[in-house]
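Right, one structure below, let's go through it.
The values are calculated or read from the model by the stated rules, or taken from the named source; none is laboratory data. In this text the structure is predicted, and so the values were computed from the model without any measurement. Cβ placement follows ideal geometry from the backbone for every residue including glycine, while neighbour counts extend to all protein chains displayed. Keep in mind that these areas ignore ligands, DNA and RNA; they rest on the heavy atoms of the full protein, side chains included. Shrake-Rupley method; radii C 1.70, N 1.55, O 1.52, S 1.80 Å.
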4 protein chains.
Amino acid sequence: MSGSSRIRTDLALEATESFAQSNTELRGVEVKEQYDEERDIRTTVVKITTENGAKAMGRPQGNYITIEAPNLSASDEDYHREISEEIARHLRKLVNLKRETSVLVVGLGNQAITADALGPHVVDNLRMTRHIIREYGLKSTEKEILHRVSGLAPGVMAQTGMETSEIVMGVVAETKPDLVIAVDALAARSIRRLNRTVQITDTGIHPGSGVGNHRIGLTEEYLQVKVIGIGVPTVVDAATIVHDSMEHLLDALEEQEQKEFLEEMIAPNLYSMFVTPKDVDETVKYLSFTISEGLNMAFSGV
Amino acid sequence: MSGSSRIRTDLALEATESFAQSNTELRGVEVKEQYDEERDIRTTVVKITTENGAKAMGRPQGNYITIEAPNLSASDEDYHREISEEIARHLRKLVNLKRETSVLVVGLGNQAITADALGPHVVDNLRMTRHIIREYGLKSTEKEILHRVSGLAPGVMAQTGMETSEIVMGVVAETKPDLVIAVDALAARSIRRLNRTVQITDTGIHPGSGVGNHRIGLTEEYLQVKVIGIGVPTVVDAATIVHDSMEHLLDALEEQEQKEFLEEMIAPNLYSMFVTPKDVDETVKYLSFTISEGLNMAFSGV
Amino acid sequence: MSGSSRIRTDLALEATESFAQSNTELRGVEVKEQYDEERDIRTTVVKITTENGAKAMGRPQGNYITIEAPNLSASDEDYHREISEEIARHLRKLVNLKRETSVLVVGLGNQAITADALGPHVVDNLRMTRHIIREYGLKSTEKEILHRVSGLAPGVMAQTGMETSEIVMGVVAETKPDLVIAVDALAARSIRRLNRTVQITDTGIHPGSGVGNHRIGLTEEYLQVKVIGIGVPTVVDAATIVHDSMEHLLDALEEQEQKEFLEEMIAPNLYSMFVTPKDVDETVKYLSFTISEGLNMAFSGV
Amino acid sequence: MSGSSRIRTDLALEATESFAQSNTELRGVEVKEQYDEERDIRTTVVKITTENGAKAMGRPQGNYITIEAPNLSASDEDYHREISEEIARHLRKLVNLKRETSVLVVGLGNQAITADALGPHVVDNLRMTRHIIREYGLKSTEKEILHRVSGLAPGVMAQTGMETSEIVMGVVAETKPDLVIAVDALAARSIRRLNRTVQITDTGIHPGSGVGNHRIGLTEEYLQVKVIGIGVPTVVDAATIVHDSMEHLLDALEEQEQKEFLEEMIAPNLYSMFVTPKDVDETVKYLSFTISEGLNMAFSGV
């Protein structure tokens, strides 16, 4: 579909949906969905298993787990402990946390722009242990600590003058973690998914994903260490909203006509706008707790 | 036009444009435009002079001055001193600052939500003088102070449990200013105007205007003191974007069909979303300086 | 004692201690202490019952409850629920919350200076209900709401140009609550008490108390409505630290000599300094949760 | 002097003063003072030229420039441009900015604790150019850019689980700047110097300096690249205040007695306290502009 290549989503799940819509079968892509009625959590695992599948989907081979929970965007005294547990559970499946005991969590994004601040907030809330173990050894605390956790919010290029990937590469080379977990705010296609969806992937972070623009990815190939990407969509491109609203109507019109019409309609200045829920500022703070608790759980072996 | 009643703009200027579009002549409404080519500032004065005009425009009789400056959204070392001067100049025309020497500036909006934080930021940047004059008299400083300036950011109803208008009413009754200036973030219809437009009006603030929802206005009728409203559009309703994008296409279709289509297309959840430029967080901070400097100039007689 | 009049504490408990030290009996002042060993909470109730007692203590007749909990300054997942419960319990003793159902909570202090930001933070964390009950009635939520809670952080005089008491007076006159609860950051004499002590009093807030300078108090006499003051000491005057450290040594010297010496030693510039724990920024945030939870409990009848 | 080893100052200037006080001559240390009466700026250059001098002073050989400007702590529309110019001028003397064209500015300290947030604020205000030059070349902007400026606020160990020096080392190894400038909040001995003094040194940052605790320094020896340290004292240890106040009195007493007395008097808990001016939160923000403007000037060749 011509539109889908222009309109951006960071959710693999949404990429599969555009194929489903057009009734295209997709070789090299497996989709499994599970629904937990009691807790109202839908989990979809998308596996891209071949190079063809990767090409069609516009993202590399690997696992993409999407946890959708409509309640997630509502405030909750426990910061949605049930979602934190889901995150911890999937993380333990994707990586062997018994063997990979030294973890660097990278909070991508711009702390000064709320819709992009999820990553830095997660790092803020994380319990760091690497320096404690280095100082006092593994039995330094009441509970035995299992993981050496470190974290960094490297900022964005306009703030630092450096590619985020350069900073992370330098820190990885110097501190040699077994695993990097990169947390980022994402763009979705559907506003229903904003602040209600967590995507976990073992393919890392790729150029162009995230609310800000990463020009070089954080991948195992680049960093020479396994990279997990965790993200939550906090924005939809304004152009996407308009595009999707009109597509329905335009199905009846000719293909060529549609393209020209869309280009005329979706004014270029729409591309620097984004659509967010009015309460995005508060919600991003809550969500960051949910994710960091998930990481804290996974690392402490609870 | 059926759409215009559903789609929201806080700019009187945009309300006149929807009439211009439909070639309707509008009695009781005068529009005068001036363009300063050198500084690229367009100033439009809309005067609503009759009850009919007020009804057609959906806002009360009075003066609405709109200053449009494309550069305004860009960062500037001087915080756009030329716009501050424009604001001061128009303020002095709308009110007799020689006679009305005691001014309460009310910063409306929610400090925790950036797109709604313009008002509180302006109050933050303002030079308060009322308490100094009460303590030391008019000649307490090197320069003679001309105005007794006080300011308040009352917060929003969800934060205080009170109507903003109740708080302002109480403070006005207790401190008896000659003039209230209420500053607020607005919603526009055109994304071109976001963060680039300042509206000044002698009609105060009305229910439903502003990014947040004011249920009771701040008007001379209610507060028993003259009220100037100053606002900058920082958001466009997502529904407006979609509506405007489709209207063009739908001009050819039947009226009835259009309405049904729009209701179907513009999903109800769009109404809790808004569209903002990606750099709204930084821009609102800059803009608040420009406005507060304008007020500081007007009050110090520079 | 000459020193005590110059050296400031906002804790009635500390005022009694300076008398205890000098073995003076204090008529018109009753002190009762209770210690809960299990939870390590010491509660002291100071009752000033006569005009002479008030004069000697330098504060008005009434009840002053001090809750000291060494653990309070440490971070806690539950935000010290046991202290919140203590606060709620004492509040219910001081006022008849069954009869006084409309409450205005005033968060005094300057949000921009952490050591002074306790009050604004408490108001931020409070569940406001007044506007909900006005809109939907008492049975609008699942649980019956018992109190009409509203709240305001009026800022400080340098920020508003108005006495804080003027703003509160205006809002009280307009919204007519049955009870005002004013929350403020205090100055203590002993650094041991910083961030570990909550004082609750039915005498309101008096000029000169609090970290900032209130020039007019918030009292029942002034506002014509009952006023409860709740405070936590977050700073010690630097001059106090030096004074107390030296007093011990100087006991052996002559009174006159001591006074001159102190005036020489305690440089005037010390008076604009304060002493805070290095972690005051984080601690004030935690403490505000503990207090607002106490208020939330008291108002919801839990 | 026994006391000076226990009581901490990060200003080389104050280290020389304790020798001056005891009339000790100091070999290997040269002190030159200049006073600009018109602008009320006192500049002192301390040169430590021998290993003995370094030992006596408790800091390495090199140049320590101290700019004292009483006006610095006051708010100023121009953010004290005259001090920014002084900083730029001295920087150009210490390093050959014509040859060393690639600069990494490291903002040390904890953004969440105001008195420690100077470094991160400076990085926030800096104009980064390295990424622009990499993308578009040296002539990408109207003015020719002379320096490739990058910046990082690495956070503190409790926030990251890593030594700050590990992070900086990694980023230096990856991005290979010619020069590192590390900005940090300092502790002074004299409260008169708080927020009014800028120290510039070509010896970098050493363990134990700064408001937070750096355990490994940022030095040329460690990073293999030239390191300039820039700092402003924002706190005095509470123990220092008490110590200094008492020392005068105790001069008449026996040495042994003094030591015991001091240990008794200066309670251990004083060591976790610090003394700050009441307006430290605002002042740190202003100061960071002054310093970053100084850096911006030095890098743009103005």
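At a glance:
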read-out: Residue list for region C:194-237, filter: at pLDDT 85 or above and open to solvent by 30 Å² or more (accessible area, probe 1.4 Å); value: C:ARG196, C:ASP202, C:HIS206, C:GLU220, C:GLU221, C:TYR222, C:GLN224, C:LYS226
read-out: Hits in region C:90-114 - residues which are out of contact with any strand residue (DSSP E or B) (no Cβ under 6 Å at 6 or more places or on another chain) and closer than 28 Å to C:ASP279 by Cβ; value: C:LEU91, C:ASN110, C:GLN111, C:ALA112, C:ILE113, C:THR114
read-out: Region C:273-302 residues that are on the phi > 0 side of the Ramachandran plot, paired with ones that are among the hydrophobic types (A, V, I, L, M, F, W, C) (beta carbon under 9 Å, 6 or more apart); value: C:GLY301/C:LEU97; C:GLY301/C:LEU146
read-out: Tally, over region B:161-182, of residues that are part of a helix (DSSP H, G or I), at the interface with another protein chain (Cβ under 7 Å from one of its Cβ atoms) and of a type in the set (Gly, Ala, Ser); value: 2
read-out: Candidate set: region D:199-239, residues that are within 11 Å of another protein chain (Cβ to nearest Cβ) and out of contact with any Gly (no Cβ under 7 Å at 6 or more places or on another chain); chosen: the one nearest to D:GLY170 (Cα to Cα); value: D:ARG215
read-out: Single match in A:GLY3, A:GLY62, A:GLY107, A:GLY58 (criterion: within 25 Å of A:VAL225 (Cβ to Cβ) and modelled with pLDDT under 95); value: A:GLY58
read-out: Unique match (being in a strand (DSSP E or B) and of a type in the set (A, V, I, L, M, F, W, C)) among C:VAL211, C:VAL236; value: C:VAL236
read-out: Residues being under 20 Å from D:GLY109 (Cα atoms) and open to solvent by less than 20 Å² (accessible area, probe 1.4 Å) - total across region D:165-182; value: 11
read-out: Residue in region D:203-214 that is without any contact (Cβ under 8 Å) to a residue 12 or more places away in the chain and under 15 Å from the mean Cα position of the chain (by Cα) present; value: yes
read-out: Flag if C:TYR64 is more than 21 Å from C:SER209 (Cβ to Cβ) and among the aromatic types (Phe, Trp, Tyr); value: no
read-out: Residues of region B:128-158 satisfying the condition of being open to solvent by less than 60 Å² (accessible area, probe 1.4 Å), more than 7 Å from chain C (Cβ to nearest Cβ) and modelled with pLDDT of 85 or more; value: B:ILE132, B:ILE133, B:HIS147, B:ALA153, B:PRO154, B:GLY155, B:VAL156
read-out: Selection within region D:107-119 - within 11 Å of chain A (Cβ to nearest Cβ) and surrounded by 24 or more Cβ atoms within 10 Å (Cβ to Cβ); value: D:GLY107
read-out: Residue within region A:183-197 that is free of Cβ contacts under 8 Å to residues at least 12 places away in the same chain and away from chain D (no Cβ under 14 Å) present; value: yes
read-out: Residue among A:ILE83, A:ILE65 that is touching a His at 6+ places or on another chain (Cβ under 6 Å) and in contact (Cβ under 8 Å) with a residue 60 or more places away in the chain; value: A:ILE65
read-out: Failed item, numbered, when C:SER288 is tested on (1) at pLDDT 75 or above; (2) in contact with a Leu (Cβ under 7 Å, 6 or more places away or on another chain); (3) within 29 Å of C:THR49 (Cβ to Cβ); (4) not β-branched (Val, Ile, Thr); value: (3)
read-out: Residue tally, condition at pLDDT 90 or above and either under 22 Å from D:VAL211 (Cα atoms) or among the hydroxyl-bearing types (Ser, Thr, Tyr) (or both), over region D:17-45; value: 3
read-out: Lone qualifier among C:THR44, C:THR9, C:THR114 - being within 30 Å of C:GLU163 (Cβ to Cβ) and within 15 Å of the chain's Cα centre (by Cα); value: C:THR9
read-out: Residue within region D:238-249 that is polar (S, T, N, Q) and buried (at least 24 other Cβ atoms within 10 Å of the Cβ) present; value: yes
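Here's the yes/no breakdown for (1) under 28 Å from A:GLU174 (Cα atoms); (2) without any contact (Cβ under 8 Å) to a residue 40 or more places away in the chain:
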| residue | (1), (2) |
| --- | --- |
| A:GLU51 | no, yes |
| A:PRO60 | yes, no |
| A:ALA74 | no, yes |
| A:VAL103 | yes, no |
| A:ILE133 | yes, yes |
